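Trainee: I'd like to ask you about the structure that follows.
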Amino acid sequence: MTALWVALGAAVGAPTRYLVDRAVRDRLGSAFPWGTFLVNVVGCLLLGLVAGSGTAPAAVVALVGTGFCGALTTYSTYGWEALVLAERGAWRAAAAYVLGSTAAGLGAAALGWTLVN
């Protein structure tokens, strides 16, 4: 049953990531990967909330934590986009993306954890 919860969450998380990224790119352009940045930070916040609660049922952890957040967030796209920025010679943007994503993701996860504790 757990695998079903994970699959259901992922079935919502992956299209959400795609749609958010498209909407952000349409609004802000593609010079900087704001869409991936946004979904990764939101995913970290949600995972912090779920993990920090300590009382979430296993089905919720599987659905939201593993399924939805796992499909919403994307380390591979984050790494690829940082590499593309660097290859374009946008070293400052690449560094800002890597450092900013890491700091914002950790901060969002800590905020989520703190809000439920």
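The values are calculated or read from the model by the stated rules, or taken from the named source; none is laboratory data. Please read all numbers here as calculations on a predicted model, not as lab measurements. Don't worry about glycine lacking a Cβ; one is built from the backbone with ideal geometry, like all the others, and counts go over all protein chains shown.
Trainee: Residues that are touching an Asp or Glu at 6+ places or on another chain (Cβ under 8 Å), at least 3 per element: which helices (runs of 4 or more DSSP H) completely within the stretch 15-117 meet that? If you could, list the steps in order and put the result at the bottom.
Mentor: Values: elements: 34-53, 75-87, 91-115.
Fully inside the stretch 15-117 and qualifying: 34-53.
Trainee: Just one of 89, 67, 100, 43 is crowded, with 16+ Cβ neighbours inside 10 Å and out of contact with any Ser or Thr (no Cβ under 7 Å at 6 or more places or on another chain); which is it? I'd like the intermediate steps shown before the answer.
Mentor: Details: 89 fails: crowded, with 16+ Cβ neighbours inside 10 Å; 100 fails: crowded, with 16+ Cβ neighbours inside 10 Å; 43 fails: out of contact with any Ser or Thr (no Cβ under 7 Å at 6 or more places or on another chain).
Answer to the check: 67.
Trainee: Answer yes if at least one residue in the stretch 2-25 is of a type outside the set (D, E, K, R), touching a Lys or Arg at 6+ places or on another chain (Cβ under 9 Å) and modelled with pLDDT of 95 or more, and no otherwise. Quick ask: steps written out before the conclusion?
Mentor: In the first step, residues of the stretch 2-25 are kept if they are of a type outside the set (D, E, K, R); the result is 2-16, 18-20, 23-24.
Now narrow it down to the ones that are touching a Lys or Arg at 6+ places or on another chain (Cβ under 9 Å): none.
No, there is no match, as no residue in the stretch 2-25 is of a type outside the set (D, E, K, R), touching a Lys or Arg at 6+ places or on another chain (Cβ under 9 Å) and modelled with pLDDT of 95 or more.
Trainee: So, residue 62, is that one crowded, with 21+ Cβ neighbours inside 10 Å and under 10 Å from the mean Cα position of the chain (by Cα) or not?
Mentor: Numbers: crowded, with 21+ Cβ neighbours inside 10 Å: yes; under 10 Å from the mean Cα position of the chain (by Cα): no.
It is false that residue 62 is crowded, with 21+ Cβ neighbours inside 10 Å and under 10 Å from the mean Cα position of the chain (by Cα).
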